[in-house]
Amino acid sequence: MADTAITVEGARKRYGGRNALDGLDLTVARGTVHGVLGPNGAGKTTLVRILSTLLRPDAGRVEVAGRDVVTQAYEVRLRIGLLGQHAALDEELGGRQNLEMFGRLHHLGARRARARAGELLTRFGLADTGRKPVAAYSGGMRRRLDLAASLVTEPEVLFLDEPTTGLDPRGRAEVWESVRALTGAGTTVLLTTQYLEEADQLAGRISVVDAGRVVADGTPDELKAATGGDRIDVVLRDAGHLGAAAALLPLAGVRVDPDRRLLSAPVTDRMAALSGVVRALEEAGIEAEDVVLRRPTLDEVFLHLTDRTKEAA
Ligand SMILES: Nc1ncnc2c1ncn2[C@@H]1O[C@H](COP(=O)(O)OP(=O)(O)OP(=O)(O)O)[C@@H](O)[C@H]1O
Ligand SMILES: [Mg+2]
């Protein structure tokens, strides 16, 4: 138990006739940030609700901080924090009052609640605005206050369900900073997101979830490598040749982007792919403007993984 903060084995949850979770497995090491990445409806919120004891799984074993979420729900609740997709702050109160109220709700006692509120406001760069009503906060400030509220009880494990959805790039960067600060403090964080860049930036490991299952798992680099490593991009001079080139190039899994006159494909042997492409184009008399080898983006990894699942289904 000591090294593992979250264990999920074969978790299932059905709504009506549909599986929201369909045998999901997940292990999160203590003190790490784990990203759960998936499209709308993949089951991310369902997973977070089960992990935070708000929802009972239909089947499977789920443990958080060494306790079973079904049979030891109260024990689990004492050790977790939750930042939901929709947070509950009092708009008319200032940030400081909101945090103090959260502390009181969690039986901290007036003095400790006040001290904790001050500490968290400083940590999240909100000390100057602590008295301003929350209604006047920017999106980024509000999310940082949400984050502070979820930390009032000093949880061992923190769940963040899409913490930056709806924020502008600046607000997003502010929240990322705050999450990074947490990991230094030893908190285990499970973060769901639809943003690949967010998972890439924050998470040491990522589970890609689609249709209630984990379809891939690993560090961002491992996931990128697992899709066939590097990619080759070929930009043609004439978009009219895209179809012909896609058919004759010695590559599998070619994607065509007519707007950019671009063919893109995963490659295993970089040099063989490069020379093969150049030769094939020359022989066919098709002019290329550019041919480059590059690392895949996490977006491509994600598209690749979720596509394959749909083909298999
Ligand atoms: N209370 C509910 N009643 C019925 N179906 C539900 C309920 N909650 C979720 N679902 C269904 O379960 C599936 C998973 O939903 P979930 O909210 O976990 O997805 P998600 O990954 O969090 O999506 P999003 O990115 O949109 O937040 C979806 O098909 C959803 O429609
Ligand atoms: Mg959700």
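Results, tabulated for the structure shown:
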item: Accessible area of segment 1-117 divided out per residue, in Å², using a probe of 1.4 angstrom; result: 52 Å²
item: Segment 230-294, accessible area per residue, ligands and nucleic acids excluded (1.4 Å, Å²); result: 55 Å²
item: Average silhouette area of the chain, convex hull of alpha-carbon atoms, in square nanometres; result: 19.3 nm²
item: R0 of 35 Å, Cβ-Cβ distance residue 25-residue 233: FRET efficiency to nearest 0.05; result: 0.50
item: Dipole magnitude (debye, nearest 20) for the chain, charges at Cβ of Lys, Arg, Asp, Glu; result: 1400 debye
item: Separation in nanometres of the label points that stand 7 Å from Cα toward Cβ, at residue 90 and residue 59; result: 4.6 nm
item: Per-residue [θ]222 nm for the chain (sum of -39500 (n - 2.57) over DSSP H runs n ≥ 4, rounded to 500); result: -11000 deg cm²/dmol
item: Dipole of segment 4-224, positive direction: furthest Cα of 173, 122, 46, with charges on the beta-carbon; result: 122
item: Kyte-Doolittle mean at least -1.0, axial Cα span of 30 Å or more - DSSP H helices of the chain; result: none
item: Surface accessible to a 1.4 Å probe, residue 154 within the full protein complex, Å²; result: 110 Å²
item: For residue 119, solvent-accessible area (1.4 Å; no DNA, RNA or ligand), Å²; result: 100 Å²
item: Whether segment 65-185 is rounded, prolate or oblate, judged on the alpha carbon gyration tensor where a/c under 1.5 counts as rounded; result: oblate
item: Calculated FRET value between residue 222 and residue 115, using beta carbons and R₀ = 45 Å, to 0.05; result: 0.60
item: Amide H contacts of residue 29 (H built 1.01 Å from N, under 5 Å, at least 5 apart or other chain); result: 5
item: 3J(HN,Hα) from dihedral phi, segment 153-164, Karplus parametrisation 6.51/-1.76/1.60, rounded to Hz, x for glycine, proline; result: 8, 6, x, 6, 10, 10, 9, 10, 9, 6, x, 10
item: 34, 304, reordered so the largest accessible area comes first (probe 1.4 Å); result: 304, 34
item: Hz values of 3J(HN,Hα) by residue in segment 202-214 - Karplus curve (6.51, -1.76, 1.60), Gly and Pro given as x; result: 9, 8, x, 10, 10, 10, 8, 10, 9, 6, x, 10, 7
item: Distance in nm between pseudo-label sites at residue 78 and residue 246 (7 Å out along the Cβ direction from Cα); result: 6.0 nm
item: Pairwise Lys count, the chain - Cα closer than 21 Å, eight or more residues apart or different chains; result: 4
item: Candidate residues 12, 261, 114: accessible-area rank, largest first, probe 1.4 Å; result: 114, 12, 261
item: Whole-number percent relative contact order across segment 230-294, with pairs defined as alpha carbons under 8 Å at least 6 apart; result: 50 percent
item: Alpha-carbon centroid distance for the pair segment 198-221 / segment 130-163, whole angstrom; result: 24 Å
item: Gap separating the Cα centres of segment 13-48 and segment 92-111, nearest whole Å; result: 31 Å
item: Sequence-distant residues sharing a close amide H with residue 216 (under 5 Å, placed H); result: 208
item: Pairwise FRET efficiency - residue 303 versus residue 12, Cβ, R0 = 30 Å, nearest 0.05; result: 0.65
item: Accessible surface, 1.4 Å probe, highest first, among residues 78, 105, 248; result: 105, 78, 248
item: Amide H contacts under 5 Å for residue 267, placed H, 5+ residues apart; result: 230, 231, 232
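The values are calculated or read from the model by the stated rules, or taken from the named source; none is laboratory data. All values reported here derive from a predicted model rather than from experimental measurement. We place every Cβ from the backbone using ideal geometry, glycine too, and count neighbours over all the protein chains shown. With ligands, DNA and RNA removed, areas are computed over all heavy atoms of the protein, side chains included. Shrake-Rupley method; radii C 1.70, N 1.55, O 1.52, S 1.80 Å.
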